[in-house]
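These notes concern the structure reproduced below.
Computed from the coordinates by the stated procedures, all read-outs in this text should not be read as laboratory data. Everything numeric in this text was worked out from a predicted model, so none of it was measured. All Cβ positions, even for glycine, are placed from backbone atoms using ideal geometry, and neighbour counts span all protein chains on display.
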Amino acid sequence: MRPHASAIRFRREALHMSLAMLSERTGIDKGHLSKVQNGKAGLSDKKIRLLAEALGVTPADITHQEMP
């Protein structure tokens, strides 16, 4: 599934969180997070949930669709 790249970047920056910090909180490689944030990679449902939790939002907030 592809998260909405700009929603992730907007929320991360609003929290004053670096990609390295987000990587540390989620266990997702920083390079992969960069690709996700630039719309060049997707994430599994599990990782979308981890990412949303780290950003303090729902999965729907960063994918613009409901999770199964």
Notebook entry, point to check: What nm distance separates the two modelled labels at residue 46 and residue 13, each placed 7 Å from Cα along Cα→Cβ?
Noted result: 3.2
Next item on the list: Let me know the charge dipole size of the chain about its Cα centre in debye, to the nearest 20, where only the beta-carbon of Lys, Arg (+1) and Asp, Glu (-1) is charged.
Entry: 200
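Given Cα pairs under 8 Å that are at least 6 residues apart, what percent is the relative contact order of the chain?
42
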Notebook entry, point to check: Out of 41, 22, 64, whose Cα points farthest toward the positive end of the dipole of the chain (charges: +1 Lys, Arg; -1 Asp, Glu; placed on Cβ)?
Noted result: 41
